[in-house]
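Only one structure is covered here, and it is reproduced in the block below.
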Amino acid sequence: MLEIAEPNNVRIVSREKAAWVISILTGVTFVGNMSTGLVTISLPTIARDLGLAPHLLLWPASVFPLASACCLVVAGAVADFIGNRNINLMGCFLLAIFTTAAGVAGNGIRFILFRAFQGVALSLCLPTTISILTNNFIAGRQRNVGFACVGLSQPLGFSFGLILGGVVVDTYLTWRFAFYFTAGLMGLLFLVSIWLLPQDTPREKFTWPRFLREIDWIGACLISAALGITSYVLAVITGNMAKAKNAENVVMLCIAGTSAVSFGFWMHFREKSGRIALIPNSLWRKRAFTTICLLVFLTYAVLNGVEYFLSVCCDFQEVQLLSVLDAAIRFFPEVVVGILLNLLTGLFVHKINANLLITVSAALTCVAPLIMALVDPTWNFWVAAFWAALLCPFSVDVIFTVANLIITDAFSEGTQALAGAVFSTVAQFGHSVGLMVMAVTSNRVTAKSSIEDKESPEAIMEGYRVVFWLCFGMQLLACFVSVWGLRGVGKVGLKRE
């Protein structure tokens, strides 16, 4: 059984205080992801209102995770040095500011720019949220529930953003009101956080020489460059695979690959010389750690693919020709399941073997893309798509809690924000790769369809059907990886006296 190593400075907080802290951190993550769902469902309207050029249509949705992925590791390392509370508060404040700015943006370029700044701001919140939970709650049910609540807030926030966008886009309120509403919620959470977020444990006095010396800036820059450049190229070629052959994209991929390899050698050098390494190479020799990272990557890639192709790209709008609101309502079952499943995982994760828990949830999620691969678009929503939406979140909702428990255990007590950054980075990278692979696959299949009208629902559905088969295969792979890689792990999140 895997017991969670207890940081020496962990503080036991009262149940009432714990509820407030968990609620605030959950709220920040929830609201931070609302704008992603809002953009996903409202993108055609936003593009029309702002005069967004066709070649920029993907960027309002893509730039947010791209900017976030670039900054997560740096944000985690800085938070471990400066303090989680201050970095988290800064992220909340900036999210409120830049969400408001996106709402008042007068053209497409400004909107994309403010979306990028939103991604940077969220990268300050994600790793510090995990670290605050780890450093203030003892291992056991309280911490497990905290992780579970934060886990449910991500897909729940995205889904609520879909619904909110569906409600306002077809009314006089417009999508701008939705951004103002989201910014107002984040501003309120920022004010409450100032009062209720726990203070950081005392640290050595801040000095610039220590700040520059003790953080591995070379490693942080190398991994951020590798992930950021790769994510950028993936976003560029998502709409047109032919762009992968462009000289600038080939060069950037070479730079990204060189940065990734250099990061590995740099981590080896840091470990051999006895200096602190951001992500020590020795961690990858731990089967549970490597397996859980691979599972997070696969699970988030599948979740993003299924959700995206069930929303604006999307079966319901383009194939069944539904309104934005009607398409958004189709995701309500996923919201309900996400809430219940995350809470149950937090309450009982320490009672069930992690291998069994993840494998069963992954197997159930396999059914979602399988249903959509076989569905007839003329069928009533409740016949097939309802069950796909119901089963889609099972794997990701369970794996969020289990993965954070395993990953935070793999890192030392002073680098818990970095541990949170590793999880979020792997998830964001899975998001980017999944979207690129599935969008390219869908476009190529539709382009080669025997149907003459490539814009027809029938031609579009051919591409989507292949994507759902691809999602099914990836999720099935996750099942096998879980069975093999997590064998012997046992129970996680056990309480330590």
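Every number in this text was worked out from the coordinates using simple rules, so none of it is lab data. Fair warning: this is a prediction, and the values are worked out from it, not measured in the lab. Here the Cβ is made from the backbone with ideal geometry for all residues, glycine too, and neighbour counts use every protein chain on show.
Observations
- 0 to 90° range, to nearest 10: angle between helix 287-309 axis and the chain longest Cα axis: 30 degrees
- Per residue, the chain reaches -26000 deg cm²/dmol at 222 nm when only DSSP H runs of four or more residues are counted, each adding -39500 (n - 2.57).
- Degrees between helix 15-50 axis and first principal axis of the chain (Cα, 0 to 90, nearest 10): 30 degrees
- Lys, Arg +1 and Asp, Glu -1 on Cβ, resulting dipole of the chain about Cα centre, debye, nearest 20: 1380 debye
- The listed peptides 111-118, 338-345, ordered by packing as a protection proxy, come out as 111-118, 338-345 (highest mean of other Cβ atoms within 10 Å first).
- Formal net charge of residues neighbouring Glu214 (Cβ-Cβ distance under 10 Å; K, R +1; D, E -1): 0
- Fewest-first sequence of Asp170, Asp376, Asp80 by Cβ atoms within 10 Å of each Cβ: Asp376, Asp170, Asp80
- Cα-based shape type of the range 437-493, given that a ≥ b ≥ c are square roots of the gyration tensor eigenvalues and the cut on a/c is 1.5: prolate
- Sorted peptide list for 380-388, 127-135, criterion being average Cβ within 10 angstrom, highest first: 127-135, 380-388
- Ranked by how many other beta carbons lie within 10 Å on average, peptides 174-185, 16-27 from highest: 174-185, 16-27
- Net charge of the neighbourhood of Phe158, taken over other residues with C-beta under 13 Å away and scored Lys/Arg +1, Asp/Glu -1, is -3.
- The chain: angle of helix 354-374 to the longest principal axis, Cα-based, in degrees nearest 10: 10 degrees
- Lysines whose Cα lies under 26 Å from that of Lys286, excluding same-chain neighbours fewer than 8 positions away: Lys272, Lys351, Lys491, Lys495
- Loop-resident trypsin sites (Lys or Arg not before Pro) (DSSP state other than H, G, I, E or B) in the range 187-295 with no more than 14 further Cβ atoms inside 10 Å of their Cβ: Arg203, Lys205, Arg275, Lys286.
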